[in-house]
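Notes follow once the structure below has been shown.
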Ligand SMILES: [Zn+2]
């Protein structure tokens, strides 16, 4: 026995061994002011350990690591354990292939380069069918696939404005007659059918598929350019989707696509535009909300397994404080009229531009307490800048969740506060890569959130613009690229459950939602087990 350990005798080792049980590890994790493992280890001289001491200590420290990450509070059922075996075989297969040849590891690449390979991966196939609970971060006009949006350009009375002699589409508008106003210098309005005829239907579809996505941009462009390109897509979609009869159909289709991807509950951040009619007149914002609610009612009637959807009013942040004051008033009014649907407030748009949250604090604090904040914050790479400080302001202003929070791991105090105040981070891996915050999923900061067990959910942001599945690609990258190799079904289950736990649903709503999700989850697990058994049977 080494001198130093011997000095405290065997009692130190046995004390540490006691701490290594899951309960003790969790206890220490929740009570960081208690005698911690670090302090215990600090009181001894590790260089004087015997090989036996070393082995025991190694096991103890390892078990602390194992029990501290996301998902380790979950106990798997027997069928889940069986399904987990298969999931881990597939995960390890991709990992091992990657270790042998890193160029074959999908999370090491830009999503645009591996989108199709990922779709064929057996692990992705399993995750695609997984009941994921909720998608808590989506934006009103970037939820649907471009295929669905292109179908919408076949609607009656659609005009299209083009420049460069008909080569570049710059605006859409529904109208009985040719629009008279021109926002583009050499712009020219023509009926959509005519453009389709001129350019050929297939050619135009291909062209629109590119225009309505971030492709072919790849990792070599800057964050600012990626943002500019993305805002260009939003602007192009305005004239098409803000047509009142189409707005509800777009949302209905989004619910359909998300539901098919294993999402049973959706929170949409909307700028709530004043929609227009065929005669050019505009409807008040409350009509936009009413259209959402009518489509949701129809969707829920037709899809009883779907849980619900809520709306977070999220207007553009690049304004003066008095405008934010106006937004707050609008949100309060809308919440009064639609208390079960308009449930939160946020500000959207590129954080690096415009004012920080602190500038709006006075106005924001006028929002009635029962309407929650769900702020975008820390979606930047400028550590220590005023933009980076939005994280601090979001927390101090009482946000319930943080969208992205990409820089939070650089602020340990804020990270601890998020954990202590139970503020969940909405992690959107694919969005962060496409908008140039990071290139390799293995270096995504959420790995630290996972290791530290900070509340988090996986979400997607604007999947329609990157041709990704509504949520499955984000889950795949988070599970394979960000979480540790050992993260298994427990991680997936905790993440799915978190999405309901940190939703804006009230407690009884959460209980009901959890039940609906669990029903699907159990079915999914049973199916994996049955397929596994069948495969074993076939091998005999
Ligand atoms: Zn966003």
Discussion item. Tell me whether segment 364-373 contains one or more residues that are surrounded by 24 or more Cβ atoms within 10 Å (Cβ to Cβ) and within 16 Å of the ligand (Cβ to nearest atom).
Written reply: no
Worksheet item: Which residue out of 369, 362 is assigned to a loop (DSSP other than H, G, I, E, B) and at pLDDT 95 or above?
Response: 369
Practice prompt. Could you please find all residues in segment 342-359 being more than 16 Å from the ligand (Cβ to nearest atom) and either without any contact (Cβ under 8 Å) to a residue 24 or more places away in the chain or assigned to a loop (DSSP other than H, G, I, E, B) (or both)?
Written response: 355, 356
Worksheet item: Does residue 288 satisfy being crowded, with 16+ Cβ neighbours inside 10 Å and within 14 Å of residue 251 (Cβ to Cβ)?
Response: yes
Fill in: segment 140-169, residues that are in contact with a strand residue (DSSP E or B) (Cβ under 6 Å, 6 or more places away or on another chain), touching a residue at least 60 places away in the same chain (Cβ under 8 Å) and surrounded by 20 or more Cβ atoms within 10 Å (Cβ to Cβ)
140, 158, 169
Discussion item. Can you report the number of residues in segment 315-338 which are within 25 Å of the chain's Cα centre (by Cα) and either outside any helix (DSSP H, G or I) or farther than 28 Å from residue 230 by Cα (or both)?
Written reply: 5
Worksheet entry | One residue from 435, 414 being assigned by TED's automatic domain parsing to the domain that holds residue 470 and free of Cβ contacts under 8 Å to residues at least 60 places away in the same chain | 414
Fill in: Of all residues making up segment 439-480, the number that are more than 10 Å from the chain's Cα centre (by Cα) and within 16 Å of the ligand (Cβ to nearest atom)
5
Worksheet entry | Conditions (1) assigned to a loop (DSSP other than H, G, I, E, B); (2) surrounded by fewer than 17 Cβ atoms within 10 Å (Cβ to Cβ); number of the one not met by residue 235 | (1)
Practice prompt. Test each condition in (1) surrounded by fewer than 19 Cβ atoms within 10 Å (Cβ to Cβ); (2) over 21 Å from residue 460 (Cα atoms) for residue 87 and report the one that comes out false.
Written response: (1)
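Results for (1) touching a strand residue (DSSP E or B) at 6+ places or on another chain (Cβ under 7 Å); (2) part of a helix (DSSP H, G or I), shown as yes or no for each residue.
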{"position": "436", "(1), (2)": "no, no"}
{"position": "454", "(1), (2)": "yes, no"}
{"position": "457", "(1), (2)": "yes, no"}
{"position": "465", "(1), (2)": "no, yes"}
{"position": "469", "(1), (2)": "no, no"}
{"position": "479", "(1), (2)": "no, yes"}
{"position": "491", "(1), (2)": "no, yes"}
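If you take just the helices (runs of 4 or more DSSP H) that sit entirely in segment 1-115, which of them hold at least 1 residues that are farther than 30 Å from residue 518 by Cα and at pLDDT 95 or above? Reasoning before the result, please.
Working: elements: 3-8, 10-19, 22-30, 37-42, 51-68, 78-100.
Correct list: 78-100.
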Fill in: Odd one out for residue 427 among (1) farther than 26 Å from residue 344 by Cβ; (2) within 16 Å of the ligand (Cβ to nearest atom); (3) buried (at least 24 other Cβ atoms within 10 Å of the Cβ)
(1)
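Restricting to segment 380-400, name every residue that is touching a residue at least 40 places away in the same chain (Cβ under 8 Å) and touching a helix residue (DSSP H, G or I) at 6+ places or on another chain (Cβ under 9 Å). So that I can check it myself, show each step before the final result.
Step one: list which residues in segment 380-400 are touching a residue at least 40 places away in the same chain (Cβ under 8 Å), which gives 380-381, 397, 400.
Residues satisfying the conditions are 380, 381, 397.
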Practice prompt. For residue 394, indicate whether it is within 14 Å of the ligand (Cβ to nearest atom) and assigned to a helix (DSSP H, G or I).
Written response: yes
Worksheet entry | Residue satisfying condition, being within 27 Å of residue 467 (Cβ to Cβ), loosely packed, with under 15 Cβ neighbours inside 10 Å and in contact (Cβ under 8 Å) with a residue 24 or more places away in the chain, within set 198, 208 | 198
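The values are calculated or read from the model by the stated rules, or taken from the named source; none is laboratory data. Computed from a prediction, not measured in an experiment: that's the story for all the values here. Counting neighbours? That spans all protein chains shown, and the Cβs are built from the backbone with ideal geometry, glycine included.
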